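The values are calculated or read from the model by the stated rules, or taken from the named source; none is laboratory data. The structure presented is a predicted model; accordingly, all values stated were derived computationally and were not measured. Cβ atoms come from the backbone with ideal geometry, glycine included; neighbour counts cover every protein chain shown. Surface accessibility is based on the protein's heavy atoms, side chains included, excluding ligands, DNA and RNA. Shrake-Rupley method; radii C 1.70, N 1.55, O 1.52, S 1.80 Å.
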Amino acid sequence: MKYIFVIFFINLLPQYDGKSLVRDDSYPKSFEDIKNEIAGYTDIAKAIIDLAVHGKAQNRSYERLAVFVDTIGPRLSGSKNLDAAIKYMFSALQEDGLENVHLEPVKVPHWERGEEFAMMLEPRNHSIAILGLGSSVATPPEGITAEVIVVASFDELHKRAEEAKGKIVVYNEPFISYGETVRYRSQGAVEAAKVGAVASLIRSIASFSIHSPHTGWQNYQPGVPQIPTACISVEDAEMMSRMSFRGTKIVVHLKMGAKTYPDSPSFNTVAEIVGSKYPEQV
């Protein structure tokens, strides 16, 4: 449907010369007015696209991003790398000539992953690639060693609730879309804790993997025990799922040193491109 929507607007582009949208009583009220306003920018849009795709700005965004991530690295909330990233971007925006470049003070969560590893002990020794999920609690210093239960959905977990007690829940949820499937990452630990699990490992929320865990933030709920949680690669989740279907006992040792600190001071980085024709508009 969205492709039809895009084509619909493209077909409208040559029909109108453009008229600014304003924030007073003259603001266009009809969908037809808005269509015409968008259509009026066809030449400008084409010029921007040509500059980025074929012109002097070709590959510039990729090259700038590469410099940024190579220089700064991971930028976890509350980390020194985030501070370095903010300073870098503040300077870059000024050098690019944007207007009203400024920093807004803000408090941000401060969580550190710490040392972590997971090892399959049964049916064989196998190092499991993991990345702790944001805000996860740590394991006890000695780690957690427990049998694994593999489920493909929250519904399956609830149906097998008695089996999950005292175990590590491995979610091997099928990837549908990021927006839909990401709930296993954000809610997986909570749902596992509700049925008495001691930890949860979530298959990375991605359509493709090269033995590469894909991490992100997760959320605990008041009144529900907080258990350690991490993401694992698609390959390891699939492997444990196959083992489970065969009736093979799986035992995993999990150790995570995550820590949560008080919120840290940080900044929102803000800049504007003020219009030359309608500078008062956003």
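Brief remarks follow.
- The lone criterion from (1) open to solvent by 50 Å² or more (accessible area, probe 1.4 Å); (2) closer than 30 Å to M243 by Cα left unmet by Y88 is number (2).
- Close Cβ contacts (under 6 Å, 6 or more residues apart or on different chains) running from residues in region 149-165 that are touching a residue at least 40 places away in the same chain (Cβ under 8 Å) to residues that are assigned to a helix (DSSP H, G or I) and open to solvent by 20 Å² or more (accessible area, probe 1.4 Å) comprise I149/E163; V150/S244.
- Conditions (1) modelled with pLDDT under 90; (2) loosely packed, with under 15 Cβ neighbours inside 10 Å: number failed by L13: (2)
- Y62 fulfils the conditions (1) touching a helix residue (DSSP H, G or I) at 6+ places or on another chain (Cβ under 7 Å); (2) over 27 Å from A189 (Cβ atoms); (3) in a helix (DSSP H, G or I) except for a single criterion, (1).
- Considered as a group, the residues in region 34-52 that are open to solvent by less than 70 Å² (accessible area, probe 1.4 Å) and among the β-branched types (V, I, T) include one that is nearest to M89 (Cα to Cα), and that residue is T42.
- Residue match in region 153-164 (condition: surrounded by 15 or more Cβ atoms within 10 Å (Cβ to Cβ), within 19 Å of the chain's Cα centre (by Cα) and at pLDDT 95 or above): no
- Looking across region 179-225, the residues that are open to solvent by less than 50 Å² (accessible area, probe 1.4 Å), among the hydroxyl-bearing types (S, T, Y) and in a loop (DSSP other than H, G, I, E, B) come down to S204, S209, T215, Y220.
- Some residue of region 235-255 being touching a residue at least 24 places away in the same chain (Cβ under 8 Å), in a strand (DSSP E or B) and under 23 Å from the mean Cα position of the chain (by Cα): no
- Restricting region 93-115 to residues that are part of a loop (DSSP other than H, G, I, E, B) and without any contact (Cβ under 8 Å) to a residue 60 or more places away in the chain, the residue that is surrounded by the fewest Cβ atoms within 10 Å (Cβ to Cβ): G97
- For region 53-79, taking the residues that are within 19 Å of the chain's Cα centre (by Cα) and of a type in the set (V, I, T), the one that is least open to solvent (accessible area, probe 1.4 Å) is identified as I72.
- Inspection of region 231-251 finds a residue satisfying the criterion of being among the acidic types (D, E), open to solvent by 10 Å² or more (accessible area, probe 1.4 Å) and farther than 24 Å from V108 by Cα.
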